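First up is the structure itself, then whatever we jot down about it.
None of the figures in this text is laboratory data; all of them are computed from the coordinates on show. Note that the coordinates shown come from a computational prediction; the quantities given were computed from them, not determined experimentally. Here the Cβ positions follow ideal geometry from the backbone for every residue, glycine too, while neighbour counts run over all protein chains shown.
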Amino acid sequence: MDDDPKKLWLDPPQWQWVVNTLTRIDRNLMRLLGETQQMEIKMSAVDDAVSALTTQVQANTNAEASAVSLIQELAGLIQEHVDNPTVLTELAAKLKASAEALAAAVAANTPTAPEPAA
């Protein structure tokens, strides 16, 4: 054996301890990397869901604003033509058609409720 103080000498049990420790560290790092990748996948899915929800909220807000505008316009037309039954009948028919179209759009774009867990 060389007695040079600059050299580090380990006996076989000490080397085995170093190798085992490094193996455990490597295993833990691989596990953490896998968990990090899974977390990134989940976060990406959450980001996509938030984006879709934001888009849907904006669409709902626009539809609600349109409905308010339509109702206000109809109220004005009814007040304007209160003494003219023919115009009121035509407005009622238009309102019925609009209501049916709105109901169909709501039904077509409403997801079905998930089945309750047993």
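A quarter of the convex hull surface defined by the alpha-carbon atoms of region 13-107 gives 8.5 nm² as the mean projection. Across region 64-79, computed HN-Hα scalar couplings (Karplus, 6.51 cos²θ - 1.76 cosθ + 1.60, θ = phi - 60°) run 5, 5, 5, 5, 4, 4, 4, 5, 5, 5, 4, 4, x, 5, 5, 5 Hz from first to last residue, x flagging Gly and Pro. Enumerate by residue number the chymotrypsin sites (Phe, Trp or Tyr not before Pro) in region 1-109 meeting two conditions: DSSP loop (anything except H, G, I, E, B), and at most 15 other Cβ atoms within 10 Å of the site's Cβ. Sites meeting the loop and neighbour criteria: W9. Loop sites here are trypsin sites (Lys or Arg not before Pro) outside DSSP states H, G, I, E and B with no more than 15 other Cβ atoms within 10 Å. The longest part of the chain free of them is 8-118. The phi-based Karplus calculation (6.51 cos²θ - 1.76 cosθ + 1.60; θ = phi - 60°) puts the 3J(HN,Hα) values of region 15-29 at 4, 5, 4, 4, 5, 5, 5, 5, 5, 4, 4, 4, 4, 5, 5 Hz, whole numbers, x for Gly and Pro. Take the Cβ atoms of A93 and V68, set R0 to 25 Å, and the FRET efficiency comes out at 0.70.
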